[in-house]
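Student: Below are the structure tokens for one structure; questions will follow.
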Amino acid sequence: METPPTPRRTTCAHCLRPQVTCLCALARPTAHRTEVLVLQHPQEQRQAKNSVALLRLSLANCEVVVGERFEPAVLQALLHRPGRDTRLLYPDVPAAPAPPAPPGTGQPLRLVVIDGTWRKSLRMLLEHPMLAALPRLSLDAPAPTCYRAIRAARRPDQVSTLEATVQALAMLEGPAFDAGPLLDAFSRFVDGVAARQRYRVTSSDT
Ligand SMILES: [Zn+2]
């Protein structure tokens, strides 16, 4: 006798998320000049509340590479592509002081962003000297986050990867970069996740 096929959750072919949490309708194509490379901790990839999927769907030039440890040759190829100056979006902190800022070459930029909790991002930075050696871009004063409702494990002043990246692109590109629609979409995404979390709590109560 044949075993009946296992019911599978339908996956959206475009954003590769389960249909119930498909993000395609939320994506807001946003023009930008800076290349974005996200190094994503594997634990973040599985988080329904992770903000990077929406970022990738909305930015034309955004690459996401999942991993915790990268071979030097792999990292070298990812970080140093000809024709772009690379900056790491990361604060200058005592645990990982920023190297001296190099003179600008006038080339367009490639912005590297580590997607992980504060602790995991710091570990990834410390375990990859090539990352720690990159010139940094620090956000002057992180904008208030709408993320706190769904990610309690983050430091109070840590914003989501999407918000931090959007703020960095606004700093680098000025008024030409229109962050509004994407931030609105993100706030709707957070509302949706929070609503599903409340629903789950309510359902398990009964
Ligand atoms: Zn989708």
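The values are calculated or read from the model by the stated rules, or taken from the named source; none is laboratory data. All values reported here derive from a predicted model rather than from experimental measurement. Every residue, glycine as well, gets a Cβ built from its backbone with ideal geometry; the counts of neighbours run over all protein chains shown. Just the protein is used for accessible areas: all its heavy atoms, side chains included, with ligands, DNA and RNA removed. Shrake-Rupley method; radii C 1.70, N 1.55, O 1.52, S 1.80 Å.
Student: Which members of the stretch 189-198 meet the condition of being over 17 Å from the mean Cα position of the chain (by Cα) and not small (Gly, Ala, Ser)?
Tutor: Across the stretch 189-198, the qualifying residues are ASP191, ARG196, GLN197, ARG198.
Matching residues to (1) outside any strand (DSSP E or B); (2) within 14 Å of ARG110 (Cβ to Cβ); (3) open to solvent by 60 Å² or more (accessible area, probe 1.4 Å); (4) in contact (Cβ under 8 Å) with a residue 60 or more places away in the chain:
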site: LEU57; (1), (2), (3), (4): yes, no, no, no
site: ARG69; (1), (2), (3), (4): yes, no, yes, no
site: LEU78; (1), (2), (3), (4): yes, yes, no, no
site: GLY83; (1), (2), (3), (4): yes, yes, no, no
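Student: For the list (1) closer than 20 Å to LEU137 by Cβ; (2) open to solvent by less than 30 Å² (accessible area, probe 1.4 Å); (3) not aliphatic (A, V, I, L, M), I need the number of the one condition that PRO91 fails.
Tutor: (2)
Student: Might you check whether a residue that is crowded, with 17+ Cβ neighbours inside 10 Å, at pLDDT 85 or above and part of a loop (DSSP other than H, G, I, E, B) occurs anywhere in the stretch 35-48? Can you show your working first?
Tutor: Narrowing the stretch 35-48 to residues crowded, with 17+ Cβ neighbours inside 10 Å: 35-41, 44.
Remaining after also requiring at pLDDT 85 or above: 35-41, 44.
Then drop every residue that is not part of a loop (DSSP other than H, G, I, E, B), which leaves 41.
Within the stretch 35-48, one or more residues are crowded, with 17+ Cβ neighbours inside 10 Å, at pLDDT 85 or above and part of a loop (DSSP other than H, G, I, E, B).
Student: If you don't mind, there's one more thing I want to ask. Any idea how many residues of the stretch 7-27 are open to solvent by less than 40 Å² (accessible area, probe 1.4 Å) and either more than 8 Å from the ligand (Cβ to nearest atom) or in contact (Cβ under 8 Å) with a residue 40 or more places away in the chain (or both)?
Tutor: Total meeting the criteria: 6.
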